[in-house]
Amino acid sequence: MSVTHDPSAPSPQPAASARPNEAEIAAVGEARRISVARARLEALFDPGTFDEIGDRVLHRSTLFGMEKKQIPGDGVITGVGTVDGRTVYAFAQDRTVLGGSLGEAHALKIARLQDMALAAGAPFVGINDSGGARIQEGVEALGGYGEIFMRNVRSSGQIPQISVICGPCAGGAVYSPALTDFVFMVDGSSYMFLTGPKVVKTVTFEDVTVEELGGGRTHSEKTGVSHFLYPTDLEALAGVRKLLSFLPSNWKEKPPVMEGPDATDRLCPEVLEVFPESSRTPYDVRGIIDNVFDRSTFLEVHKGWAQNIVVGFARLAGRSVGVVANQPLEQAGCLDINASRKGARFIRTCNAYGIPIISIVDVPGFLPGCDQEHQGVINHGAKLLYAYCEATVPKLAVITRKSYGGAYIVMSSKHVGGDVNLAWPTAQIAVMGAKGAVEVLFRRKLAGEADPEAAALEAERHYEETFLTPDQATGRGFVDAVIEPAETRRKLARFLLRTETKNTARPERKHGNIPT
Ligand code: HXC
């Protein structure tokens, strides 16, 4: 079988060990006699391209003996360089200087760099490793964070903003990464929380470790705060370089085109080796993704969180695309609160940066139950709907199997602005599955039959023949074409190239009001 993704392979997240990344990056720094912060920046940028800005900046605090603690640069290295030849602005906090704490001068260095990145239309990367607001500077430190947050929001949707957490990130400091497009964490040596374990213990009497409360795994698997988790600093920074290769420098530019050796008109019959014959059997949709898109280009986002939906960047005909796929391997691919939040966030990121969205649809519906309803699946599910409706980038979709109920409408249907909607012959498009439909429609009638079970089966068969095919949808023009699975890559690639020039006017308004 030529599926490139091995579902049994461990995720790239090894067991936490004692700061392996720090040792590794410290070794790089030591060998070159540079700080860990500088070694991180060197790992991010193309060799020899980093130019530092503000290396002699000093703080002006005189409280608590601070006038005697003057370190040029004030605990943060700021500057500009290139990543794969493209300009990127970045800072790295230095925990060996006043704990990497953020005072007024430190903050204004970062804020100035944010202004420069926005003016230049270039991505901004922040490498965070800090004890938070500099206690000795009081409100000046707090105000410094405010200046950064304000610029995070001003840059949002204009230039890609990426945060890498390489150490502590506590208190209000977490809000700057949370305002950026992507958060990278390092397993075992980075953590993010609003209040640390000691305060938690005092207030709620809970005993919790730093790792449990806000470590990389917590944020990659439970909260979704972190988009990527890597074993070491160096791998995280290599991940940032890879992510940047899918993104434009700013919202007005197009992402880089990188045509590889994989022929655009290649047939992909291997998808059928992944796709089960029975519509009740689960399978890993990544097996389909790996065979349809340019080989080995898929970069999964939020891999450990809300695994009932798979999202990530890939290339098709060398073009950067955002893939959104239901995952039948988890909860049969049902949409729920977290899947909706994950999908919505990814779609809005793609739309902001002009990256077409390709959806692979196999979804039995939204997950029913009190838990979901009481936690607000109505609003959270509406986020995914809103994101698809709002997105003006080319939207292509393939229905492979189930596409039921509200989930049919949400997942890039024609009704919410899908540009090209394809279906495999196995597609089933209906309000609900046969069993549920027969139960609702014929319960009374079936009870009066001599053999209710046989009558129910007969009614289900009739329902399946009528609805559980793509025919009704093709007849109405809601599905543009039924394609053989092996043609999926070829067809998607052609339609992608033909919708590339799509130009959609947006309604004039201040901004929409996305459900929360
Ligand atoms: C000033 C700080 C500091 C801070 C650390 N240092 N954090 N100095 N302000 N926030 C200094 C220490 O005094 C010490 O100085 C040196 O940095 C190294 O700190 P250690 O504690 O020895 O290091 P370590 O054991 O590695 O512990 C790291 C740490 C811990 C877990 C980050 O320092 C810590 O808990 N710091 C406080 C974290 C915090 O609560 N920050 C405020 C968050 S609230 P010397 O001189 O001894 O070497 C916040 C609000 C933002 O940030 C609001 C935005 C709106």
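The values are calculated or read from the model by the stated rules, or taken from the named source; none is laboratory data. It should be emphasised that the depicted structure is a prediction, and the values quoted were computed from it without experimental measurement. Cβ sites come from the backbone with ideal geometry, for glycine too, and all protein chains shown count toward neighbours. Side chains included, ligands, DNA and RNA excluded: accessible areas come from the protein's heavy atoms. Shrake-Rupley method; radii C 1.70, N 1.55, O 1.52, S 1.80 Å.
Suppose the filter is more than 20 Å from the chain's Cα centre (by Cα), more than 19 Å from residue 349 (Cα to Cα), free of Cβ contacts under 8 Å to residues at least 12 places away in the same chain and within 9 Å of the ligand (Cβ to nearest atom); does residue 146 pass it? First the steps, then the outcome.
Details: more than 20 Å from the chain's Cα centre (by Cα): yes; more than 19 Å from residue 349 (Cα to Cα): yes; free of Cβ contacts under 8 Å to residues at least 12 places away in the same chain: yes; within 9 Å of the ligand (Cβ to nearest atom): yes.
Yes, satisfied.
Does residue 240 count as within 12 Å of the ligand (Cβ to nearest atom), within 24 Å of residue 107 (Cβ to Cβ) and part of a helix (DSSP H, G or I)?
Details: within 12 Å of the ligand (Cβ to nearest atom): no; within 24 Å of residue 107 (Cβ to Cβ): yes; part of a helix (DSSP H, G or I): yes.
Criteria not met by residue 240.
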Residue list for the range 26-70, restricted to those being surrounded by 16 or more Cβ atoms within 10 Å (Cβ to Cβ), within 16 Å of the ligand (Cβ to nearest atom) and under 21 Å from residue 184 (Cβ atoms): 35, 36, 37
Test: residue 347 is free of Cβ contacts under 8 Å to residues at least 60 places away in the same chain and assigned to a helix (DSSP H, G or I): yes
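Please determine, by comparing only the residues of the range 394-441 that are assigned to a helix (DSSP H, G or I) and of a type in the set (D, E, K, R), which one is nearest to residue 500 (Cα to Cα). Don't jump to the end; show me each part of the working.
In the first step, residues of the range 394-441 are kept if they are assigned to a helix (DSSP H, G or I); the result is 405-410, 414-416, 434-441.
The next check asks that each one be of a type in the set (D, E, K, R); those that pass are 414, 435, 439.
On the way: 414: 18, 435: 41, 439: 45 Å.
By that ranking, first place goes to 414.
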Every residue from the range 268-323 that is without any contact (Cβ under 8 Å) to a residue 40 or more places away in the chain and among the charged types (D, E, K, R): 277, 280, 294, 300
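Look at residue 224 and say whether it is on the phi > 0 side of the Ramachandran plot, at pLDDT 95 or above and of a type outside the set (Lys, Arg).
Values: on the phi > 0 side of the Ramachandran plot: yes; at pLDDT 95 or above: yes; of a type outside the set (Lys, Arg): yes.
Against the criterion (on the phi > 0 side of the Ramachandran plot, at pLDDT 95 or above and of a type outside the set (Lys, Arg)), residue 224 qualifies.
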Failed criterion for residue 42 (all others in (1) without any contact (Cβ under 8 Å) to a residue 24 or more places away in the chain; (2) more than 15 Å from residue 241 (Cβ to Cβ) hold): (2)
Filtered residues of the range 128-138 (kept if touching a strand residue (DSSP E or B) at 6+ places or on another chain (Cβ under 9 Å), more than 7 Å from the ligand (Cβ to nearest atom) and within 15 Å of residue 66 (Cβ to Cβ)): 137
Output for the range 225-257, where each listed residue is within 20 Å of residue 46 (Cα to Cα), in contact with a Ser or Thr (Cβ under 9 Å, 6 or more places away or on another chain), of a type in the set (A, V, I, L, M) and open to solvent by 10 Å² or more (accessible area, probe 1.4 Å): 257
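May I ask you to list the residues in the range 326-340 that are open to solvent by 10 Å² or more (accessible area, probe 1.4 Å), in a helix (DSSP H, G or I), closer than 17 Å to residue 221 by Cβ and out of contact with any helix residue (DSSP H, G or I) (no Cβ under 6 Å at 6 or more places or on another chain)? First the steps, then the outcome.
Of the range 326-340, the ones open to solvent by 10 Å² or more (accessible area, probe 1.4 Å) are 329-332, 334, 336-338.
Next cut, in a helix (DSSP H, G or I) only: 331-332, 337-338.
So of that shortlist, the ones also closer than 17 Å to residue 221 by Cβ come out as 331, 337-338.
331, 338, listed by residue number.
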Residue tally, condition modelled with pLDDT of 95 or more, surrounded by fewer than 21 Cβ atoms within 10 Å (Cβ to Cβ) and basic (Lys, Arg), over the range 388-442: 1
Residue 375, sole failed condition from (1) crowded, with 18+ Cβ neighbours inside 10 Å; (2) at negative phi; (3) in contact with a helix residue (DSSP H, G or I) (Cβ under 8 Å, 6 or more places away or on another chain): (1)
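So if I check each of 457, 468, 497, 446, which one is exposed (fewer than 15 other Cβ atoms within 10 Å of the Cβ) and over 25 Å from residue 394 (Cβ atoms)? Walk me through how you get there before you give the answer.
Working: 468 fails: exposed (fewer than 15 other Cβ atoms within 10 Å of the Cβ); 497 fails: over 25 Å from residue 394 (Cβ atoms); 446 fails: exposed (fewer than 15 other Cβ atoms within 10 Å of the Cβ).
Just a single option satisfies the conditions, and that option is 457.
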Condition met for residue 322 (out of contact with any Gly (no Cβ under 7 Å at 6 or more places or on another chain), closer than 18 Å to residue 395 by Cβ and open to solvent by less than 10 Å² (accessible area, probe 1.4 Å)): yes
For residue 162: the one exception among (1) more than 15 Å from the ligand (Cβ to nearest atom); (2) surrounded by fewer than 24 Cβ atoms within 10 Å (Cβ to Cβ): (2)
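I'd like to verify a number: residues in the range 95-127 that are more than 11 Å from the ligand (Cβ to nearest atom), open to solvent by less than 40 Å² (accessible area, probe 1.4 Å) and in contact with a Ser or Thr (Cβ under 9 Å, 6 or more places away or on another chain), how many? Reasoning before the result, please.
Start the filter on the range 95-127 by keeping residues that are more than 11 Å from the ligand (Cβ to nearest atom), which leaves 104-105, 108-127.
Narrowing further to those that are open to solvent by less than 40 Å² (accessible area, probe 1.4 Å): 104-105, 109-111, 113-114, 117, 121-127.
So of that shortlist, the ones also in contact with a Ser or Thr (Cβ under 9 Å, 6 or more places away or on another chain) come out as 104-105, 109-110, 113-114, 117, 121-127.
Count: 14.
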Filter result for residue 142 (over 30 Å from residue 252 (Cβ atoms) and either surrounded by 20 or more Cβ atoms within 10 Å (Cβ to Cβ) or among the hydroxyl-bearing types (Ser, Thr, Tyr) (or both)): no
Selection count, the range 139-185, where residues are under 24 Å from residue 67 (Cα atoms) and touching a strand residue (DSSP E or B) at 6+ places or on another chain (Cβ under 7 Å): 4
Of residues in the range 174-187 being within 24 Å of residue 96 (Cα to Cα) and open to solvent by 10 Å² or more (accessible area, probe 1.4 Å), the one nearest to the ligand (Cβ to nearest atom): 175
Failed criterion for residue 197 (all others in (1) under 16 Å from residue 133 (Cα atoms); (2) modelled with pLDDT under 95 hold): (1)
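With the structure loaded, tell me whether residue 220 is crowded, with 20+ Cβ neighbours inside 10 Å, small (Gly, Ala, Ser) and under 26 Å from the mean Cα position of the chain (by Cα) or whether it fails that test.
Details: crowded, with 20+ Cβ neighbours inside 10 Å: yes; small (Gly, Ala, Ser): yes; under 26 Å from the mean Cα position of the chain (by Cα): yes.
Yes: the conditions hold for residue 220.
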Positions within the range 71-81 being of a type in the set (A, V, I, L, M), within 16 Å of the ligand (Cβ to nearest atom) and either under 37 Å from the mean Cα position of the chain (by Cα) or buried (at least 18 other Cβ atoms within 10 Å of the Cβ) (or both), in sequence order: 76
Selected residue (criterion: farthest from residue 293 (Cα to Cα)) from residues of the range 469-488 that are touching a residue at least 12 places away in the same chain (Cβ under 8 Å) and in a helix (DSSP H, G or I): 472
